[in-house]
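Only one structure is covered here, and it is reproduced in the block below.
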Amino acid sequence: MTQPDEELPPPFEIVEPAVWRAPIIFNSPHSGSAYPDDFLQASRIDLAALRRSEDSFMDELIAGLSALGFPTVSVNFPRSYVDVNREPYELDPRMFSGRLPSFANTRSMRVAGGLGTIPRVVGDGQEIYGERIAVDDALTRIETLYKPYHRALRRLINKAHRTFGTVVVIDCHSMPSVGVSREEPRRPDVVIGDRYGTSCAPILADSVEETMIRLGYSVGRNKPYAGGFITEHYGNPASGLHTVQLELNRAVYMDERRRSRGERFGQVTSDFAVLAEVLASIPLDGLEPFQTAAE
């Protein structure tokens, strides 16, 4: 989807239910497909190549959950323009003309791979820009898109936490059906990321796994995706803050080559509703803040 800038949708959308069924938020940070004109003009690759980084249709798969009592969050700008699943200033100095702020993280593994807050490459490794972009441009994107999104997500999380004493964020992503490396084994239908047991109570990741297997999906844990910045940053089980990253194999619900909805799209949408209801049935007293023995 590309439109003149004056017709671009809002940067992100939050749909809250009239009555919350449970303190469970479904978030889609990488499904955005509204490409600004100046970004397309600056890109050395075409729109089809840029779109390979999208978690296409993930926002649609979760959209109906708000009517069932679960708030949803979706980002409309593309991750190749600004990636909200990164630290705010993971920036590659080789990309920019001008000096980066001293507090920028220029040495993370994600920056080294070209996938910082302002990505240098798309998902299959193609370079996005034909020449360096201005530092001020990058910082403007962070101030006007990245930061407002995280402020809004944090407000929603805090609202649930105050009301229920706990909150669960299901961070919804999709992955290519095959990896870049030929040595990588066949990817399962779903990969659950809980930062190796640190971002949520075990019952949450276990319930996701058991439910998806019961629904007919093959499931993996933490490989090749253990969870990104959102999972790590908002997951603090000791404080009653839980995050689970869900990576859905694109071959399950879409035609990757044509970038179109697949035959199972409706079924997958229904399965997300089943998963939401299962998570809502977990007793809250097992998810509330707790103190460790050392405290």
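The values are calculated or read from the model by the stated rules, or taken from the named source; none is laboratory data. What you are looking at is a predicted structure, and each value in this text was computed from that prediction instead of being measured. As a convention, Cβ positions derive from the backbone with ideal geometry for all residues, glycine included, and neighbour counts pool all protein chains shown.
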Exercise for the section: Among the residues of segment 230-254, count how many are under 20 Å from Ala22 (Cβ atoms) and aliphatic (A, V, I, L, M). Expected result: 4
Handout entry: Count of segment 261-291 residues which are free of Cβ contacts under 8 Å to residues at least 12 places away in the same chain and closer than 25 Å to Asn85 by Cβ
Key = 1
Practice task
Kindly state which strands (runs of 3 or more DSSP E) lie completely within segment 148-258 and contain at least 3 residues that are touching a residue at least 12 places away in the same chain (Cβ under 8 Å) and surrounded by 20 or more Cβ atoms within 10 Å (Cβ to Cβ).
Solution key: 167-175, 190-193, 241-249
Problem - Residues of segment 114-140 satisfying the condition of being under 25 Å from Met175 (Cβ atoms) and either of a type in the set (Asp, Glu) or under 18 Å from the mean Cα position of the chain (by Cα) (or both) - result: Gly114, Leu115, Gly116, Thr117, Ile118, Pro119, Val121, Val122, Gly123, Asp124, Glu127
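Conditions (1) out of contact with any helix residue (DSSP H, G or I) (no Cβ under 9 Å at 6 or more places or on another chain); (2) among the basic types (Lys, Arg); (3) at pLDDT 95 or above, marked per residue:
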residue	(1), (2), (3)
Gln3	no, no, no
Pro11	no, no, yes
Pro17	no, no, yes
Pro29	no, no, yes
Pro36	no, no, yes
Asp59	yes, no, yes
Gly64	no, no, yes
Val75	no, no, yes
Completion exercise
Of the residues in segment 90-107, those that are part of a loop (DSSP other than H, G, I, E, B) and buried (at least 19 other Cβ atoms within 10 Å of the Cβ) number 3
Exercise for the section: May I ask you to verify whether Asp46 is surrounded by fewer than 22 Cβ atoms within 10 Å (Cβ to Cβ), closer than 24 Å to Leu115 by Cα and not aliphatic (A, V, I, L, M)? Expected result: yes
Practice task
Hey, could you check segment 62-89 for residues that are in a strand (DSSP E or B) and of a type outside the set (A, V, I, L, M) and say which is farthest from Tyr149 (Cα to Cα)?
Solution key: Thr72
Fill in the blank from the handout: Those residues of segment 121-137 which are over 17 Å from Leu40 (Cβ atoms) and surrounded by 15 or more Cβ atoms within 10 Å (Cβ to Cβ) amount to Gly123, Val135
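So that you can scan it fast, the table gives a plain yes or no per residue for (1) of a type outside the set (Ser, Thr, Tyr); (2) surrounded by 22 or more Cβ atoms within 10 Å (Cβ to Cβ); (3) without any contact (Cβ under 8 Å) to a residue 24 or more places away in the chain:
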| position | (1), (2), (3) |
| --- | --- |
| Ser31 | no, yes, no |
| Gln41 | yes, no, yes |
| Thr72 | no, yes, no |
| Val75 | yes, yes, no |
Fill in the blank from the handout: For segment 104-118, pairs from a residue that is free of Cβ contacts under 8 Å to residues at least 60 places away in the same chain and at positive phi to a residue that is in a loop (DSSP other than H, G, I, E, B) and among the acidic types (Asp, Glu), with Cβ under 8 Å and 6 or more apart or across chains, are Gly114/Asp92
Handout entry: Selection status of Asn105, in contact with a strand residue (DSSP E or B) (Cβ under 8 Å, 6 or more places away or on another chain), farther than 30 Å from Arg264 by Cα and of a type in the set (S, T, N, Q)
Key = yes
